[in-house]
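Peer 1: So that we are looking at the same thing, I have put the structure below in structure tokens.
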Amino acid sequence: MFAQLEPQPELLVTFTQKNVKLYLNDKYWGIFSRSTLIKPIPRGELRIKVECEGFFADSITFEINRSIRYSHNFKLRSTSSGLLKIKSELMVFVEVDGDNLGRNRPEGFVLSAGARNLKLTRKGYVPYEELIDVTEGEEIIRDINLESKSMNEALYRSAVLPGWGQKYSDRDPTFVQYSNIGAIASIAGVQLMYSYYTSQWNKSYDNYINASTVENVDKYRKEVDKYHASMEGMIKARNVTIALFIFTYSYNLLDIIVNDPSITAKNEIEIKNKNSPNHNIALSFKNGQPQIGYQLTF
């Protein structure tokens, strides 16, 4: 019977650069490009260090105690760059010089040296912008808490232009915009038709007054009555369209009150800190339809 030999631990190291110097427990191991597989490796504490010209050195320490393959990918940071770290109680999105870098992450963002325009965004919050000066090898730390958008600001905007407040609150303004535009267009169309019928009534009335024969009197009298009835119909239609506009405009403002952006932001903070109630019932609007939402938190 032969004793089964236990497999030895292995080490796989990968790089994003070429010509990387590798050290194991401070012992020079060689120059590698992209990746290298070392097998077997001794058990115990193993410190891996890498160096590359034009980049900051990096290292990691493993406790080798299992017969598995240990691996690590080194992403070396250029010496002509700086590191930006954002501390925030919210998961914000980071933009630098107009480029969206995605969600904030603990390890930060590597930025090339120079003046950079930093922008932090989050739905329901006022964006934060700052011009930062990135220098070589510098670590920039920003502790930033975004300010929640206010209902008063959203109401003011929607009062001036329906849908503007919804856009400000990072919500879809399409229904509010088109419903108000439709109501205004209806009022304008009805008013144009009323003006047309009024003009025709005036012409018919002048012809009726100046008629010299019985046939013309009867003819123009019928036209006067016809256009007068049309004018009355347009007056009723105009009242309906004005009422429609009042409804859509009021809905535009009510939508802001029901979906107060500052309350949404506050609830998000409370949920994160586990200070909010474990359930919440709220009225909201989606695609122009009222909805009742129920939220359960733990």
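The values are calculated or read from the model by the stated rules, or taken from the named source; none is laboratory data. Quick caveat, the model's predicted, so the values are computed rather than measured. Here the Cβ is made from the backbone with ideal geometry for all residues, glycine too, and neighbour counts use every protein chain on show. Calculation scope for accessible area: heavy atoms of the full protein, side chains included, ligands and nucleic acids excluded. Shrake-Rupley method; radii C 1.70, N 1.55, O 1.52, S 1.80 Å.
Peer 1: Go through the stretch 215-260 and give me each residue that's of a type in the set (S, T, N, Q) and within 18 Å of Gly182 (Cα to Cα).
Peer 2: Asn239, Thr241, Thr248, Ser250, Asn252
Peer 1: Confirm whether Ala265 is out of contact with any helix residue (DSSP H, G or I) (no Cβ under 8 Å at 6 or more places or on another chain), surrounded by 15 or more Cβ atoms within 10 Å (Cβ to Cβ) and either at pLDDT 65 or above or in a helix (DSSP H, G or I) (or both).
Peer 2: Yes.
Peer 1: Restricting attention to the stretch 146-188, and to residues there that are closer than 16 Å to Ala243 by Cα and of a type in the set (Gly, Ala, Ser), which single residue is least open to solvent (accessible area, probe 1.4 Å)?
Peer 2: For the stretch 146-188, the residue satisfying everything is Ala183.
Peer 1: Same structure, new question: Output yes when any residue across the stretch 103-116 is β-branched (Val, Ile, Thr) and more than 27 Å from the chain's Cα centre (by Cα), and no when none is.
Peer 2: No, the conditions are met nowhere in the stretch 103-116.
Peer 1: Just the residues that are under 30 Å from Asn19 (Cβ atoms), crowded, with 16+ Cβ neighbours inside 10 Å and in contact (Cβ under 8 Å) with a residue 24 or more places away in the chain, please, taken from the stretch 78-105.
Peer 2: Those that are under 30 Å from Asn19 (Cβ atoms), crowded, with 16+ Cβ neighbours inside 10 Å and in contact (Cβ under 8 Å) with a residue 24 or more places away in the chain: Ser78, Ser81, Gly82, Leu83, Leu84.
Peer 1: Just the residues that are surrounded by fewer than 19 Cβ atoms within 10 Å (Cβ to Cβ) and in a strand (DSSP E or B), please, taken from the stretch 120-131. Before the answer, list the steps.
Peer 2: Restricting attention to the stretch 120-131, the residues satisfying the condition of being surrounded by fewer than 19 Cβ atoms within 10 Å (Cβ to Cβ) are 121, 123, 126-131.
Within the stretch 120-131, Thr121, Tyr128, Glu129, Glu130, Leu131 qualify.
Peer 1: Can you pull out every residue in the stretch 164-214 that is of a type in the set (Asp, Glu) and under 25 Å from Tyr249 (Cα atoms)?
Peer 2: Passing the criteria: Asp170, Asp172.
Peer 1: Consider the stretch 43-58. How many of its residues are open to solvent by 50 Å² or more (accessible area, probe 1.4 Å) and under 20 Å from Thr79 (Cβ atoms)?
Peer 2: 7
Peer 1: Please give the number of the condition Thr16 fails out of (1) without any contact (Cβ under 8 Å) to a residue 60 or more places away in the chain; (2) farther than 21 Å from Asn65 by Cα; (3) surrounded by fewer than 17 Cβ atoms within 10 Å (Cβ to Cβ).
Peer 2: Tallying (1) without any contact (Cβ under 8 Å) to a residue 60 or more places away in the chain; (2) farther than 21 Å from Asn65 by Cα; (3) surrounded by fewer than 17 Cβ atoms within 10 Å (Cβ to Cβ), Thr16 fails exactly one: (1).
Peer 1: Does any residue of the stretch 277-295 turn out to be assigned to a helix (DSSP H, G or I), at pLDDT below 90 and open to solvent by less than 90 Å² (accessible area, probe 1.4 Å)?
Peer 2: No, the conditions are met nowhere in the stretch 277-295.
Peer 1: Something else now. Considering each residue of the stretch 43-82, count those that are modelled with pLDDT of 85 or more and part of a loop (DSSP other than H, G, I, E, B), and give that number.
Peer 2: 8
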